[in-house]
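Take a look at the structure below.
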Amino acid sequence: MPNIKIVHVTQSVSRLAGGLFESVRHLSQVVGAISRARLTVLAPRDSMTADDVGDWAPIPVVTFPVLGPERFGYTPGLYSAMTRERPEVLHLHGLWRYTALAAWWWAKTHRTPYLVSPHGMLEPWSLGQSRLKKWLATLLYQGPCLRGAACIRATSMMEAESIRLAGYRTPIAMVPNGVEIPAMPLPRTPPVAGRARRAIFLSRIHPKKGLLNLVEAWHILQPPGWELLIVGPDENGHLAEVQAAVRQHGLDALIHFPGEVMGEAKTRIYCDSDLFVLPSFSENFGLVIAEALSCEVPVITTHATPWQELETHACGWWIDTGVDPLVVALRQAFAMDPAELHAMGVRGRALIEQNYTWKPIGKSMIEVYEWMVGQRPKPACVID
């Protein structure tokens, strides 16, 4: 790859960004590792930036203080930083905030090719939230930004369909997310007679994740010999709603809230679990699904995620959203022998090793960057 200057503009470089933190970080690191591209990441600063910015090494990261409402993220230093960096390719991650406005206006003013990764923010469920604000943002800058991009990156065919459904005919680069696969899954804690088997939810505790459905399904089943861990950071106060539902159903002894886990502790909690459940209403990819499978944990998730491969590779359940389908899938999982469940997880790890490691994904992204600066023909992953 030529010595191209690439600047990523993202909404956060901390864990507060959830899956966006993991996907942008790993993508930039793998592109930097396997190419001669010069990369810089620009982002607003938040309360966890100082704790997490070191995880981006060796990629240079520049952050800026936010003025005004954090949800919009006005960062007056961002535009001038792009001028100093002078990227040949600008890669915008996320929509609706000031980062999108500034990146679009800078690229338009300086005639620089750019691409946009929506990270699920054009999914129908997401577009249904704060409709008036998004309509106004679309009219003022977000619509022109998406229409003027060299391409929009989709991480799955489901996300590509949502982009088209939202009315955008911009070329789409089909480049999935990847996952850092443990060299070997950590050894599972040996079974102990009388100890509960474990199902986990691990993600942001947010209304779109379907946690109230999960609590209701657990109440209906109250499976003997099982516990449920709901792991992750609270967002918009939803944790209190979920905990209230747990108390209302008298499930305090069966459902636990360990809080947020990161790094090796997260891998450990996956590997000590028998089943992973993500009953979401909307996901463009669902990075935590890939993480769970990479640790040999079978998955239950919904058709609102692009994971039909759970069925085709016999490593989980891909179900309709709602309580009733979740009850059926959970009942089937609870009835399985531990060795059967683990065999499903082993098949899941093989799926991730085959299709979702970062190096080939980084190569696809490099081909897109090269095409954008006229260094190669349009790659096969870009569709009109």
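What number goes with the only condition from (1) part of a helix (DSSP H, G or I); (2) in contact (Cβ under 8 Å) with a residue 24 or more places away in the chain; (3) over 18 Å from the mean Cα position of the chain (by Cα) that Glu367 does not pass?
(2)
From (1) farther than 20 Å from Met48 by Cβ; (2) free of Cβ contacts under 8 Å to residues at least 60 places away in the same chain, pick out the condition that doesn't hold for Ala265.
Of (1) farther than 20 Å from Met48 by Cβ; (2) free of Cβ contacts under 8 Å to residues at least 60 places away in the same chain, only one is false for Ala265: (1).
Could you give every pair whose Cβ atoms fall below 9 Å, whose first residue belongs to segment 304-332 and is part of a helix (DSSP H, G or I), and whose second residue is crowded, with 23+ Cβ neighbours inside 10 Å and hydroxyl-bearing (Ser, Thr, Tyr), counting only separations of at least 6 or pairs across chains?
Filtered contacts from segment 304-332: Leu310/Thr301; Pro325/Thr302; Leu326/Thr302.
Within segment 37-54, which residues are among the charged types (D, E, K, R) and within 16 Å of His8 (Cα to Cα)? Give the steps one after another, and end with the answer.
In the first step, residues of segment 37-54 are kept if they are among the charged types (D, E, K, R); the result is 38, 45-46, 51-52.
Residues satisfying the conditions are Arg38, Arg45.
In segment 334-347, what count of residues is obtained for those that are assigned to a helix (DSSP H, G or I) and either farther than 18 Å from Gly286 by Cβ or not assigned by TED's automatic domain parsing to the domain that holds Ser203 (or both)?
Keep residues of segment 334-347 that are assigned to a helix (DSSP H, G or I), which gives 334, 338-347.
Subset that is either farther than 18 Å from Gly286 by Cβ or not assigned by TED's automatic domain parsing to the domain that holds Ser203 (or both): 334, 338-343, 346.
Here the count works out to 8.
Quick one: which residue in Ser162, Ser117 is surrounded by 14 or more Cβ atoms within 10 Å (Cβ to Cβ) and either touching a Pro at 6+ places or on another chain (Cβ under 8 Å) or aliphatic (A, V, I, L, M) (or both)?
Working: Ser117 fails: either touching a Pro at 6+ places or on another chain (Cβ under 8 Å) or aliphatic (A, V, I, L, M) (or both).
After ruling out the rest, the residue left standing is Ser162.
If you check Ala350 against the conditions, is it touching a Lys or Arg at 6+ places or on another chain (Cβ under 9 Å) and either modelled with pLDDT of 95 or more or assigned to a loop (DSSP other than H, G, I, E, B) (or both)?
no
In this structure, is Val31 in the same structural domain as Gly148 (by TED's automatic domain parsing) and either among the charged types (D, E, K, R) or touching a residue at least 40 places away in the same chain (Cβ under 8 Å) (or both)? Explain how you work it out, then say what you get.
Values: in the same structural domain as Gly148 (by TED's automatic domain parsing): yes; either among the charged types (D, E, K, R) or touching a residue at least 40 places away in the same chain (Cβ under 8 Å) (or both): yes.
Yes.
Given (1) out of contact with any Pro (no Cβ under 9 Å at 6 or more places or on another chain); (2) within 22 Å of Leu136 (Cβ to Cβ), identify the lone condition not met by Arg86.
(2)
Kindly check whether there is at least one residue in segment 185-199 that is polar (S, T, N, Q) and modelled with pLDDT under 95. Steps first, answer last, please.
First, the residues of segment 185-199 that are polar (S, T, N, Q): 189.
When the remaining residues are screened for being modelled with pLDDT under 95, the result is 189.
Yes, some residue in segment 185-199 is polar (S, T, N, Q) and modelled with pLDDT under 95.
Against the definition (of a type in the set (A, V, I, L, M), farther than 21 Å from Thr155 by Cα, at pLDDT below 95 and in contact with a helix residue (DSSP H, G or I) (Cβ under 7 Å, 6 or more places away or on another chain)), how does Val323 come out, yes or no?
On the way: of a type in the set (A, V, I, L, M): yes; farther than 21 Å from Thr155 by Cα: yes; at pLDDT below 95: no; in contact with a helix residue (DSSP H, G or I) (Cβ under 7 Å, 6 or more places away or on another chain): yes.
So Val323 fails the test.
Go through segment 222-248 residue by residue and tally those that are surrounded by fewer than 16 Cβ atoms within 10 Å (Cβ to Cβ), in contact (Cβ under 8 Å) with a residue 12 or more places away in the chain and either touching a Lys or Arg at 6+ places or on another chain (Cβ under 7 Å) or over 17 Å from Ser280 (Cα atoms) (or both).
2
So which residues in segment 159-183 are touching a residue at least 24 places away in the same chain (Cβ under 8 Å) and farther than 24 Å from Met372 by Cα, if there are any at all?
Leu165, Val179, Glu180, Ile181, Pro182
Look through Gln308, Gln375 and report the one residue that is assigned by TED's automatic domain parsing to the domain that holds Ala149 and more than 19 Å from Ala199 (Cα to Cα).
On the way: Gln308 fails: assigned by TED's automatic domain parsing to the domain that holds Ala149.
Exactly one of Gln308, Gln375 is assigned by TED's automatic domain parsing to the domain that holds Ala149 and more than 19 Å from Ala199 (Cα to Cα), namely Gln375.
Among the residues of segment 231-242, is there at least one that is assigned to a helix (DSSP H, G or I) and charged (D, E, K, R)?
Pass one, segment 231-242, residues assigned to a helix (DSSP H, G or I): 238-242.
Next cut, charged (D, E, K, R) only: 241.
Yes, segment 231-242 contains at least one residue that is assigned to a helix (DSSP H, G or I) and charged (D, E, K, R).
If a residue counts only when it is surrounded by fewer than 19 Cβ atoms within 10 Å (Cβ to Cβ) and of a type in the set (Val, Ile, Thr), which strands (runs of 3 or more DSSP E) contained entirely in segment 16-106 have at least 1 such residues?
Working: elements: 38-44, 61-64, 89-93.
Filter on segment 16-106 gives 61-64.
Could we say that Val13 is touching a residue at least 40 places away in the same chain (Cβ under 8 Å), of a type in the set (Val, Ile, Thr), buried (at least 18 other Cβ atoms within 10 Å of the Cβ) and not in a loop (DSSP other than H, G, I, E, B) here?
Numbers: touching a residue at least 40 places away in the same chain (Cβ under 8 Å): yes; of a type in the set (Val, Ile, Thr): yes; buried (at least 18 other Cβ atoms within 10 Å of the Cβ): yes; not in a loop (DSSP other than H, G, I, E, B): no.
Spelling it out, it is not the case that Val13 is touching a residue at least 40 places away in the same chain (Cβ under 8 Å), of a type in the set (Val, Ile, Thr), buried (at least 18 other Cβ atoms within 10 Å of the Cβ) and not in a loop (DSSP other than H, G, I, E, B).
Among the residues of segment 356-364, is any assigned to a loop (DSSP other than H, G, I, E, B) and free of Cβ contacts under 8 Å to residues at least 60 places away in the same chain? Give the derivation first.
Initially, segment 356-364 is screened for residues assigned to a loop (DSSP other than H, G, I, E, B), giving 356-357.
Add one more test, that the residue is free of Cβ contacts under 8 Å to residues at least 60 places away in the same chain, and what stays is none.
So far as segment 356-364 goes, no, none of its residues is assigned to a loop (DSSP other than H, G, I, E, B) and free of Cβ contacts under 8 Å to residues at least 60 places away in the same chain.
Just checking, which of Trp104, Trp56 is aromatic (Phe, Trp, Tyr), in contact (Cβ under 8 Å) with a residue 40 or more places away in the chain, within 18 Å of Met372 (Cβ to Cβ) and not assigned by TED's automatic domain parsing to the domain that holds Gly286?
Trp104
The values are calculated or read from the model by the stated rules, or taken from the named source; none is laboratory data. Not measured: the values here are computed from a predicted model. We place every Cβ from the backbone using ideal geometry, glycine too, and count neighbours over all the protein chains shown.
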